[in-house]
Structure formats: structure tokens, C-alpha cells
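**Q** If you scroll down you'll find the structure; I have some questions about it.
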Amino acid sequence: MNSPLKNSFRVQIESLNLFKFQDFITELFILRYGSENYIPPREIKDKGADGIITSSNTLVACYGPKSVDKNRYLKKIEDDFESYEDNWIDDYKNWMFVTNNDIPEYAIKKINALKPDATQIGIKNILQFIEELTSSQKRTLGTFLNISRDLFARDYLKELIEDLIKDSEFTIENVDYKTQIYFPDKVSINFKQKDINKVLDEYDSYFENGVFNVIGGLLFGYEDEDFEKLKHKIKYDYTNESGSFKKRLKQMIDKYLNKYSSENDDEYLYYLRAILLYLFEQCIIGDKTKAEK
């Protein structure tokens, strides 16, 4: 994740306490382990259990303190472990303690003394779990935490570009890359009159919302070989479709959606079109204007 997005996740997660943190862990662990492998606390009748990871035979205990106090922290660990021993240890051999802070040294020692093989999860581990989710899953958590969706744009575009690159092959053929064109001229020779205003409005939206700037910054950060692979893939896929530019564009989008995205992912479609229109503006695909020839 990019730093602003990661920092936002950290701040929001650290602000959760009591059942709010427990509810967040339920959301996170269902995404991480799958609904078939995670039992949330409301289905367990509690008894000291804040969740069960069935795939690893693990009982989960959550702690989201309002403030970190040594005595309360140690008592929470002791109480949770006692409930685990009294009610669950025969069925679930593993125990996981999860908190939304950096676990203090005294707490680590306490847990190790109670159960040396216990899993200890602090805020850094939680952020890494989120890092390993797909962009769609991250946005689901972001919605749960009321994180601005604008913070996800860079992260989302990066994953999408890397999906395209990893499915490409390197070629020694360089695709011309030009930027000095008048975009309405490019649109006018590639779209029918009835579609021109819609495309220009879409272009303006990407430009005004900073999406094209993000795409440009991401592409600038790739090695030349990866950038060439991306351009060649887009050029190759475009050439192998038939019909008008609008039809070819739709065929490419449908192909990428089917291959890379989850179902009904409107944001994936939004950013995918942004990347293709960006490369269209850069003259990678589409009929060329006189200035490009």
C-alpha cells in the first residue's frame, strides 16, 4: 500500500476499541481466511472466543484497549487464556492473541509464559495482512473503516498495471510513445460524432480527478523493459481485435475484466478505462492524427 493509505488504515484501526475492534477483525479475517474457514464470535456463543480459524484449528482472542495500561493488559491476557483453557483448548489446539497496538514486551513475555506456541498479532501484522489482500478487499475494509476512497486510486491502478505487465512478454519492438497531440483531434477520428462528447467528458473527469497524473507517475517508475511489455501488450491486443475503435476498446475491456477483475467491480472498470484512454492519448492505440504521422 502507498504511505497515505497505509497511514490511514493504521490510524483508523488504532482508534477502535472493545467490540468495534472485534468487529473489524471479523471483517479482516473473513477476507483473509475465507468465510468457510472463519467463524465469527456471534456464532460461537463467546465463552472467551472472539473468532475461530477452522483451517488452522485456532481460537482468536481480540483486545482493542482504549489506552495501554500494563495491569489491564496483563489481566486481559490472563482472562482470555483462562477462558480458552476452560472452554476451547480440547477442540482448538492453537491460540491467537490479536491487538491493535504494538504488543508491549511485558505482554509478549506473559503470552509466551502461558502458551509458548501462541500466535501474537499486533498492528504491524494487521497492516501486513491488509497489504496481502486484493485491491477490492482493501476497499471493502476501507469502507468499513470510513477511509476515503480517493486514497485507494494509486494502489488500485498499480495492481491493475501489474496484472497487465505480468501477462505480457518482452519484445525488442519499441512502440512509439508521443504526448504532444490535441486530444479532441484524436477523439474525432476514432469515435463517431454521437460518442465524442461522452469520451471528452470522461477524459476531463480522469484529468480533473488526478487519475492521469497517478497513472503517469506509476508508469514512470517502471523499468523500461516492463513499460515496453505493457505498451506492446496493449498494442498487440488492440491489433488483434476488429471493428471500430469503440468496438475494439470494448472488446479489450471485456477481455481484461474477465481475466483480472472480480465480478461487478465498477471501480476496476473505471480505472481500466482510464489506463486505456491514457495510452490512447499517448498514441499507443487508435488511428493517428496528422501530427502523429
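The values are calculated or read from the model by the stated rules, or taken from the named source; none is laboratory data. These numbers come from a predicted model, not from an experiment. So basically every Cβ, Gly included, is an ideal-geometry build from the backbone, and we count neighbours across all protein chains shown. Calculation scope for accessible area: heavy atoms of the full protein, side chains included, ligands and nucleic acids excluded. Shrake-Rupley method; radii C 1.70, N 1.55, O 1.52, S 1.80 Å.
**Q** At a Förster radius of 51 Å, what calculated FRET efficiency corresponds to the Cβ-Cβ distance of Glu208 and Lys75, to the nearest 0.05?
**A** 0.40
**Q** For the chain, what size does the Cα cloud have along each of its three principal axes, sorted from largest down, in whole Å?
**A** Cα spread of the chain along its principal axes, largest to smallest: 78, 37, 32 Å.
**Q** Please compute the per residue accessible area over the chain with all protein chains in place, 1.4 Å probe, rounded to a whole number of Å².
**A** Per residue, the chain has 53 Å² of solvent-accessible surface.
**Q** Looking at region 44-166, I'd like the Rg to Rh ratio, where Rg is from alpha-carbon atoms and Rh is Kirkwood's inverse mean 1/r.
**A** That ratio is 1.07, to two decimals.
**Q** Can you spot the lysines whose alpha carbon is less than 17 Å from Lys250's alpha carbon? Ignore those fewer than 8 places along the same chain.
**A** By straight Cα distance, Lys250 reaches Lys192, Lys194, Lys198, Lys233, Lys235, Lys259.
**Q** Charges at C-beta only: +1 for Lys and Arg, -1 for Asp and Glu. How large is the resulting dipole of region 216-275 about its Cα centre, in Debye rounded to 20?
**A** Using Cβ point charges on Lys, Arg, Asp and Glu, region 216-275 gives about 460 debye.
**Q** Then there's this: Once amide H atoms are built 1.01 Å from N in the peptide plane, which residues 5 or more positions from Cys62, or in another chain, come under 5 Å H to H?
**A** Correct list: Asp50, Val98.
**Q** Would you grab the residues whose amide H sits under 5 Å from the one on Asn37? Only those 5+ places off in sequence or on another chain, please, with H modelled 1.01 Å from N.
**A** Here nothing satisfies the definition.
**Q** Set the Förster radius R0 to 45 Å, insert the Cβ-Cβ distance between Leu145 and Ile189 as r into 1/(1 + (r/R0)^6), and round the FRET efficiency to 0.05. Display every interim value, and only then the final one.
**A** Details: r = 46 Å, r/R0 = 1.02.
About 0.45, to the nearest 0.05.
**Q** Sticking with this one: Placing +1 on the Cβ of each Lys and Arg and -1 on the Cβ of each Asp and Glu in the chain, which of Phe144, Tyr73, Leu157 has its Cα farthest towards the positive end of the resulting dipole?
**A** Going by the charge dipole, the pick is Leu157.
**Q** Among Trp88, Thr26, Ala107, flag the residue with its Cα farthest along the positive direction of the charge dipole of the chain, charges on Cβ as +1 for Lys/Arg and -1 for Asp/Glu.
**A** So the residue furthest toward the plus end is Thr26.
**Q** What nm value, rounded to one decimal, do you get for the distance between Glu27 and Ile89 when each label is placed 7 Å out toward the C-beta?
**A** For Glu27 paired with Ile89, the spin-label model returns 3.4 nm.
**Q** Is region 7-70 rounded, prolate or oblate when judged by the Cα gyration tensor, a ≥ b ≥ c being the square roots of its eigenvalues, rounded requiring a/c under 1.5 and prolate requiring a/b larger than b/c?
**A** It comes out oblate by the Cα gyration axes.
**Q** Turning to a different aspect of this structure: Leaving out same-chain residues fewer than 8 places away, which aspartates and glutamates sit with a Cα under 20 Å from that of Lys76?
**A** Candidates past the 8-residue exclusion: Glu14, Asp23, Asp46, Asp50, Glu85, Asp86, Asp102, Glu105, Asp117.
**Q** How many nm is it between the label spots at Glu241 and Leu133, if each spot is 7 Å from the Cα in line with the beta carbon?
**A** 3.1
**Q** Calculate the dipole size of region 1-127 relative to its Cα centre from +1 charges on Lys and Arg beta carbons and -1 charges on Asp and Glu beta carbons; express the result in debye to the nearest 20. Can you show the working numbers first?
**A** On the way: 17 positive and 19 negative charges, 105 e Å.
Rounded to the nearest 20 debye, it is 500 debye.
**Q** Tell me the GluC sites (Glu not before Pro) within region 11-70 that lie in a loop according to DSSP and have at most 11 other beta-carbon atoms within 10 Å.
**A** For GluC sites (Glu not before Pro) across region 11-70 that sit outside H, G, I, E and B with at most 11 neighbouring Cβ atoms in 10 Å, the list reads Glu36.
**Q** For region 3-17, in order, what is each residue's ³J(HN,Hα) by Karplus, 6.51 cos²θ - 1.76 cosθ + 1.60 with θ = phi - 60°, in whole Hz (x at glycine and Pro)?
**A** Rounded to whole hertz, the list is 4, x, 5, 4, 5, 5, 4, 4, 4, 5, 5, 5, 7, 7, 8.
**Q** To the nearest 20 Debye, how big is the dipole of the chain about its Cα centre, given +1 on the beta carbon of each Lys and Arg and -1 on that of each Asp and Glu?
**A** That gives a dipole near 640 debye.
**Q** Of all accessible surface on the chain at a 1.4 Å probe, what whole percent is carbon and sulfur? Please list the in-between numbers first.
**A** Details: 7240 of 15630 Å².
Carbon-and-sulfur percentage of accessible area, whole number: 46.
**Q** In sequence order, what are the phi-derived ³J(HN,Hα) couplings for region 251-256 according to the Karplus relation 6.51 cos²θ - 1.76 cosθ + 1.60 with θ = phi - 60°, rounded to whole Hz, with x for glycine and proline?
**A** These are the phi-based 3J(HN,Hα) values: 5, 5, 4, 4, 5, 5 Hz.
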